[in-house]
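Asker: Sharing a structure with you now.
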Amino acid sequence: MLIVASFVNRVGNGLFNSASALYFTLVVGLPAVHVGAALTIAGLIGLLAGIPGGHLADRRGPRTIMMLALAVQAAAMSALMLVESWGALAVIAAVDQLAAAAGGAAWGALVVRVGTDRPALFRARLRTYVNLGVVLGTVGAGFAVAANTRTAYTVLILGNAASFALCALLLFLLPNYRALAAPPAQQRRWIALTDRPFVTFTALFGAMGLQYPVVSLLLPIWISEHTHAPRWTVAAVSAINAGVCVLLQTRIGSRIETPREGGRAFRTAGLLFLLSCPMMALSAHAPVWAAAGLVVAAIFVHSLGEIWESSAGFALGFGLAPDHAQGQYQGLLGLGFSAGQALAPAVLTTVVLGLGTAGWLLLGAFFAAVGAAGPSLERWGARTRPRQEAAAAIGGR
């Protein structure tokens, strides 16, 4: 049921995210710079809700908090139909982002409670269907963009609002998992913020998250402005990335279960990105079909890296977090990831596009260096867990 609910939610996200900017610029008539400013402000405000929302999920139950967050998102999405100024857009989008951050933390805690028997297999399968939902939603958005009418864009927005509401109703069919009591020695309110290995992993996970805008932002610009590859390769990049993740996520991710395996997977991801980035760089120096071949091969390797990176995130993100504080820990992890995504466009466009081939090589080396820290980070985290458990046991006597 959680897989179905998550799938429905991501279909709605795919419907809206692919065409939202066009709605506000072409239909509402807001300048693109105003739309960008409003969404940036909303995204930054949303960062504030992840850890408190996760703490509420730990104390009140993850299903309850996630359903409330989805209800708020459904209302906020519907209210976008009333937007006529960038200020109104900023306020409504901020409400949506606050709910999304809190709901994301609760979702992480809920995943842990549902996928207890085979957690790695469950999380890999869940991500497979999440990716599939985004793909289907994006296809639907393509029809609306082709129609380019107010009615078509309105259907997208209301479709996303309906997906939030339906997801909340589906979650109602799940058991209402009770909050887990914290051991006496671990009853500090913001325990995640004092867990240095996990805070370090959060920073590294956010840094590695720059690989996502490589596919959605950087590579399309690079193909169209710096290579001789046919323009259809821009669309092929997204299709191949989605296809590889849908087809191979479960097969690869189900084998990465423990934090130790997660640390090694994080290193593997960095090495795969180290291989894909130079291939993307070389496409600028190749004739038409060779450039297209290099781009296709590079995105395949990059997609494999994405699978290893996401699987490592599951294994380390859930494995290093105590059961009673999964929501708070997932909120912190989401904060790090979102911060990385907020910085990514500026970093990637200025450094990589600015330096050209050298920028791609530098980016690949950066990913490899971040990934190389995975095994040592896991060992550091493993050393601190027994001490925390011992302290909890002593405190409980």
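Asker: Of all residues in the stretch 118-154, which are open to solvent by less than 30 Å² (accessible area, probe 1.4 Å) and among the aromatic types (Phe, Trp, Tyr)?
Answerer: Matches in the stretch 118-154: 153 only.
Asker: Residue pairs, Cβ under 7 Å, 6 or more apart or interchain, first in the stretch 127-154 and over 16 Å from residue 3 (Cβ atoms) and β-branched (Val, Ile, Thr), second open to solvent by less than 30 Å² (accessible area, probe 1.4 Å) and not in a helix (DSSP H, G or I). List them.
Answerer: 145/19
Asker: What are the pairs, 6+ residues apart or on separate chains, where a residue within the stretch 217-236 that is over 14 Å from residue 357 (Cβ atoms) has its Cβ under 6 Å from a residue that is open to solvent by less than 40 Å² (accessible area, probe 1.4 Å) and outside any helix (DSSP H, G or I)?
Answerer: Pairs found: 223/229.
Asker: Another one. How many residues does the stretch 9-30 contain that are over 25 Å from the mean Cα position of the chain (by Cα), open to solvent by 40 Å² or more (accessible area, probe 1.4 Å) and in contact (Cβ under 8 Å) with a residue 40 or more places away in the chain?
Answerer: Number of matching residues: 1.
Asker: For the list (1) over 20 Å from the mean Cα position of the chain (by Cα); (2) assigned to a helix (DSSP H, G or I); (3) among the acidic types (Asp, Glu), I need the number of the one condition that residue 96 fails.
Answerer: If we test residue 96 against (1) over 20 Å from the mean Cα position of the chain (by Cα); (2) assigned to a helix (DSSP H, G or I); (3) among the acidic types (Asp, Glu), just (1) comes out false.
Asker: Residues to consider are 86, 107; find the one that is touching a residue at least 40 places away in the same chain (Cβ under 8 Å) and more than 22 Å from the chain's Cα centre (by Cα).
Answerer: Matching residue, one of 86, 107: 86.
Asker: Which of the residues that make up the stretch 311-347 are open to solvent by 20 Å² or more (accessible area, probe 1.4 Å) and either outside any helix (DSSP H, G or I) or of a type in the set (Ser, Thr, Tyr) (or both)?
Answerer: 322, 338
Asker: Scan (1) free of Cβ contacts under 8 Å to residues at least 40 places away in the same chain; (2) crowded, with 17+ Cβ neighbours inside 10 Å for the single condition residue 58 breaks and write down its number.
Answerer: (1)
Asker: Would you say residue 285 is of a type outside the set (A, V, I, L, M) and modelled with pLDDT of 85 or more?
Answerer: It is true that residue 285 is of a type outside the set (A, V, I, L, M) and modelled with pLDDT of 85 or more.
The values are calculated or read from the model by the stated rules, or taken from the named source; none is laboratory data. These numbers were taken from a predicted model, which means no experiment stands behind them. Glycine gets a Cβ as well: all are built from the backbone with ideal geometry, and neighbour counts include every protein chain shown. For accessibility, only protein heavy atoms count, side chains too; no ligands or nucleic acids. Shrake-Rupley method; radii C 1.70, N 1.55, O 1.52, S 1.80 Å.
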